[in-house]
1. FRET efficiency for Leu327 and Glu418, Cβ-Cβ distance as r, R0 = 25 Å, nearest 0.05?
2. Quick one: net charge of Val277's neighbours, Cβ under 15 Å, K/R +1, D/E -1?
3. Distance from the Cα centre of segment 163-197 to that of segment 70-92, in angstrom?
4. Using the basic label-point model (7 angstrom from Cα toward the beta carbon), what is the Ala55 to Phe356 distance in nanometres?
5. So how far apart, in nm, are the two label points at Ser400 and Leu370 if each is 7 Å from Cα heading toward Cβ?
6. Stretch Thr239-Leu19 to full length: gain in nm at 0.36 nm per residue minus the Cα-Cα span?
7. Let's test the formula: R0 of 56 Å, r as the Cβ-Cβ distance of Asp161 and Ile189. What FRET efficiency results, to the nearest 0.05?
8. How high is the FRET efficiency from Asn207 to Ile272, r the C-beta distance, R0 56 Å, rounded to 0.05?
Amino acid sequence: MKSYRFRGSVAHKILGGFLLLTFLIILTQSVFVTYGLEEFYKSRKIVYLKRQLTAIETLYDTVEDTEERQEALWDISAQAGGSVLIYNEETKTYLNMGERYLPPLEFWASLDASNEDFYTCRVVGSQSLKGLEWLICAQKMKNGEWAIIEIPFRSIEEAVDVFQAFFIYMIILAVGFSLILSIYISRMITRPLIKLNYLAKEIQKLNFSVRYEGNEVDEISNLGNTFNLMNQKLEETITMLRQELAKEKQLKDLRKQFTAQVSHELKTPISIIKGYVEALRDDVVDSPEEREYYLSVINEETDKMSNMISQLLDLTKFQTGNSDLELETFPFGEYVNEILLKYDKILSENEIRVEFVDETEGSTAVADRLRMEQVITNLLNNAIKYTGSGETIKITLTKSKNFVVFRIWNNGPPIPEEDLPHVWETFYRGKNKKGGSGLGLAIAREILDHHGSNYYIRNIHDGVEAGFTLPISIQVEGEEEHGEEV
């Protein structure tokens, strides 16, 4: 997968958006700190001082002891960070708790003696206050005296200055943190997108083995799962198309092969028929017996051609998948015995004996009866060809797990080792081949393959043995498909 690309990517846009948002937030806070923090802080102080004035009034209403009052006033003065004055307007006397600085005359003049609920709070400056500005709040109590709290305005300005200095460091930290966070989030978002882009390019190369892997539960993960489903569907569709193309190519090759095989195999019988027909046409036959002989040869060669074409059509049907099996369950020993009964005349004419041994205890087999008869008769015909007069062919049926095993043996000459791998091929004729079209075993192979059988032909002591397996019952999912090697 290619390395992470940042510039011009979604990550770049996310980073830019985060930094812009951070800048706007910092700008807003900077304006507030510069132009509004002092007023905000002063208003908060005024609210606090008003609560303290209310506390002083409550103190005077509930506490009679003078020393206890003064001690409480000293505590309030310390908490406020300034001075507390109790002023009696009638006697023009005051009680000062804290630094002994008196408010200027213009402040005293502003007090409204006629207003019982009068409250005021303002910033004033005076030489008597050491030339500093002070925040002075006053409230008239129920007993007619004034409760006054004064704090130096400098403390407010210093607090604001400290916060403004600290705010600069906060800005630096915020920018750095925002940068790190935006890079992390952008990579977290874009990494799966980059992976999806890589997977899409792999699919473009027809590599359908790639899959999106993500454990997150979000929209991108959902997109990845949808991508996997699409990839799987594409893979299945492409596989089907490839299979169809391969099948089409196979059919094309089979048609060519069929044409070539038919042309080759029919060349000899057609030549024979042509020669005999020309002899009959030219009236070179001297007697009715010779004429009858010529006609019998023509008829025999015609039957051979008809049989060969029928076998080729059967073989082609199996190879192209156009031949369906009609499977049924039946007693296999009885079935083989019925086939052998049909060969009584042929066996008697050739003075060949068949020794049939059924060790399956009446077991059934699952097969297409008609097609399986083709297999058995083909193997039996081959055995008869290579068995001499007075000899014996041995056929045995045994059980192996869930399968029946058919074996047929004859004492004919062994098949050359170089021919054994090819005996099931179409039109193959080995060194010991006696006549035949070379199609019988090829058709038997196709039928056995469609039954899912194991089959063989091999040389054993004093002869040649062939065999195959068939299931005793219809296979269910999870069972072994083939029997043991036979």
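FYI, it's all coordinate maths here, none of it is from the lab. These numbers come from a predicted model, not from an experiment. Here Cβ is always computed from backbone atoms with ideal geometry, including for glycine, and neighbour counts include all displayed protein chains.
1. The formula returns an efficiency of 0.10 here.
2. Neighbour charge sum, excluding Val277 itself: -4.
3. Measuring centre to centre over Cα atoms gives 52 Å.
4. With each label point 7 Å from Cα toward Cβ, the separation is 11.9 nm.
5. According to this spin-label approximation, the distance is 3.0 nm.
6. On the way: separation 220, 0.36 × 220 = 79.20 nm, distance 4.91 nm.
Additional length available on full extension: 74.3 nm.
7. Plugging the Cβ-Cβ distance into 1/(1 + (r/R0)^6) gives 0.85.
8. Numbers: r = 58 Å, r/R0 = 1.04.
Computed FRET efficiency for Asn207 and Ile272 comes out at 0.45.
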